[in-house]
Each structure stands twice: as structure tokens, then as C-alpha cells.
1. Probe radius 1.4 Å, ligands and nucleic acids left out: which of Asp110, Asp14, Asp57 has the largest accessible area, and how do the rest follow?
2. If you count only protein heavy atoms with a 1.4 Å probe, what accessible area per residue comes out for the stretch 1-80, rounded to a whole Å²?
3. Accessible surface of Ile36 in the full protein assembly, 1.4 angstrom probe, to the nearest 10 Å²?
4. Using just the alpha carbons, could you tell me how many Å³ per residue the convex hull of the stretch 90-142 encloses?
5. Just to compare against my own numbers: the Cα pair-distance distribution for the stretch 47-172, 5 Å bins, whole % per bin, please.
6. Considering the alpha-carbon set of the stretch 1-88 alone, what are its Rg and its Dmax in angstrom?
7. Straight-line reach only, C-alpha to C-alpha below 12 angstrom: list the aspartates and glutamates that Lys64 could link to, leaving out same-chain residues fewer than 8 apart.
8. Summing +1 for each Lys or Arg and -1 for each Asp or Glu, what net charge is found among the other residues whose Cβ lies under 14 Å from the Cβ of Ser144?
Amino acid sequence: MKQDATRNAAYTVDCEDYVHVVEFNPFESGDSGNLIAYGGNNFVFIGTCTFQEEEADVEGIQYKTLRTFHHGVRVDGIAWSPETRLDSLPPVIKFCTSAADMKIRLFTSDLQDKNEYKVLEGHSDFINGLVFDPREGQEIASVSDDHTCRIWNLEGIQTAHFVLHSPGMSVCWHPEETFKLMVAEKNGTIRFYDLLAQQAILSLESEQMPLMSAHWCLKNTFKVGAVAGNDWLIWDITRSRWSTVNENLFATTGYPGKMMSQFQIHHLGHPQPILIGSVAVGSGLSWHRTLPLCAIGSDHKLLFWVTEM
């Protein structure tokens with residue numbers, strides 16, 4: 001746990017497994033530390049981290065693993081539930097994963113004796129995105145290469161099913177728009193679905209293909225960004241990942257799996273990236289809930305970049 005200048009990361013945490021995906025908890029959990037999850041080839045690790053930017057008595061970063069969950073198969077995606085609380089008695093840890101076996105697993109733990117998971121089956125191809133309903137945490141949305149978006153309740157029953165025109169690459173559920181779901185497809189189409197009427201109400205089109213990921217800005221519901229072809233595209237619907245603290249900050253990574261992947265942080269007010277880093281086989285990208293700081297996974301490492309607002 002040290003400053004690491006060699007890869008331009010502000011902080012590095014050594015990990016027990018190759019990191020395929022990393023995800024900060026985007027919800028308030030009632031604790032001063034930040035919950036973070038990362039997934040490897042066989043396990044999911046849940047930890048807390050505190051940064052010197054938050055606490056004056058912390059030097060660099062403090063990281064602690066709270067629980068390791070055996071997963072048994074490569075972890076492709078992680079989504080946190082808003083029901084996760086560290087200040088309840090007992091504490092509640094709840095998250096779901098997508099995996100290389102095309103199944104979703106819903107994990108619940110009290111960090112003591114209760115460690116359960118439920119398998120949600122239905123997709124027939126790889127799952128590229130999943131997210132919890134951000135208000136109540138009672139439903140999960142997922143998109144897949146099988147050309148579907150599916151919504152599940154916590155019992156694993158599908159409550160909605162949308163047929164897509166190409167593989168689903170990203171799905172976003174905005175905390176201020178809980179009856180709308182954004183689904184991005186590989187063919188460059190981004191659709192917003194009305195979950196009450198269960199039909200599409202708005203679509204955006206990218207001229208570039210393939211679309212690899214898209215993200216709905218949490219600080220401004222009218223902004224949508226996507227990575228398509230070699231470009232990052234931005235729509236302002238009044239006329240990939242966005243920062244959760246500044247509507248003008250977003251981050252992009254190169255294609256995962258390369259021996260060296262470029263990582264960039266952009267600001268809409270600047271024509272060039274405001275931070276460029278390189279990551280050994282980088283994968284996963286997640287913004288801190290309250291700081292202009294993001295995490296990316298690497299070979300047995302978590303890397304953290306800090307940028308100015």
C-alpha cells in the first residue's frame with residue numbers, strides 16, 4: 001500500500017488474484033470508509049479503503065479486506081445494492097455478480113455467520129452489464145450478448161424482458177429517474193425504457209460502431225456518454241464512466257486484456273485529457289462516490305488515480 005509513480009497511479013493495493021473488475025459502492029453505507037469490491041478468477045473480495053484526501057490522519061491509503069467470497073468462476077461484473085449498510089446491526093453486505101458461465105449470483109452477508117448467494121439463470125450468452133434498482137434495491141437489470149435486457153426480482157424471477165437488436169453492452173439505472181432504464185447496444189443505439197409501460201421512450205444513435213460501453217451521468221440526467229469505435233461520444237439530451245462528483249469529469253480505458261492499456265481522465269472544458277496513465281492489462285473502472293478519484297484493476301493490483309476538480 002504505497003505511492004506508485006511508475007504507473008502514474010497515486011496509490012496501489014496488492015491483491016490476491018488477477019483483478020477483472022473493480023467497483024466502488026456508489027451508495028451511502030453509513031461508515032466513514034469506502035466499500036470497494038473486486039473480482040478475480042475464482043473469488044470476490046470486499047474491502048474498505050480510506051484516502052488521505054478524506055481523512056487528515058491517513059497517510060496515502062488505508063485498505064482492509066472485510067470478506068472473501070468463493071465464486072468458482074471468473075467474475076465479469078459487480079453491482080452493489082443500496083441495501084448495503086455497515087452501520088446496521090448486524091451489518092448488511094449485498095451485491096451481485098455476472099460471470100463467465102452466463103449466470104448472475106446475488107450475494108448477501110452479515111460479515112459473520114450469514115454468507116449466502118442465489119443464482120439467477122436465464123441469459124444464454126455473456127452478460128456485459130448489470131445494475132441494482134438504486135432506490136429500493138429490490139430489482140436487478142442485466143444486458144447480454146443474447147440480445148436481451150432482463151429485469152429480475154431478488155427471488156430470481158424475471159419481471160421484465162426487452163428484446164434488443166444487437167448485443168446489450170451497458171445498462172444504467174439513474175437514482176433520480178428510477179422508472180427509466182438506459183440500455184446501450186453494440187450497434188450504436190442507446191435506448192431509454194419506461195419501466196411502467198415497459199416500452200422504449202427515447203433513443204440515441206451513434207454513427208460509430210461497435211459501441212463498447214455507455215454511461216448515464218449521475219450528476220446530470222441529461223448527459224450520456226459512450227465509447228464507440230475509437231471515440232468517446234457525448235449527448236446532451238436537453239438539446240463511459242462519468243465521475244460521480246463532477247458532471248464534467250469522465251474516464252476511459254483502452255481495450256482490456258492488452259499487455260499495456262492506456263487510461264485517461266477527461267474534462268469537458270479541456271480539449272486534451274487532463275490525466276494519462278498506463279496500466280498493465282487494465283480492466284474494470286470505477287469512480288469514488290465523493291472524491292475525484294477512480295480505481296482500475298490490474299495484475300494482482302488495485303490502482304487508484306486522483307485528479308483535481
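1. Order by accessible area, largest first: Asp57, Asp14, Asp110.
2. 43
3. Taking all protein chains as shown, Ile36 has close to 0 Å².
4. 82
5. 2, 10, 19, 20, 17, 13, 9, 6, 3, 1, 0
6. Expressed in Å, the Cα Rg and Dmax of the stretch 1-88 come to 13.6, 40.
7. Once the sequence-local aspartates and glutamates are set aside, what remains near Lys64 is Asp14.
8. That works out to -4.
The values are calculated or read from the model by the stated rules, or taken from the named source; none is laboratory data. Computed from a predicted model, the values in this text were never measured in an experiment. Cβ: placed from backbone, ideal geometry, glycine included. Neighbour counts: every protein chain shown. Quick note on the areas: whole protein, heavy atoms, side chains included, nothing else; ligands and nucleic acids left out. Shrake-Rupley method; radii C 1.70, N 1.55, O 1.52, S 1.80 Å.
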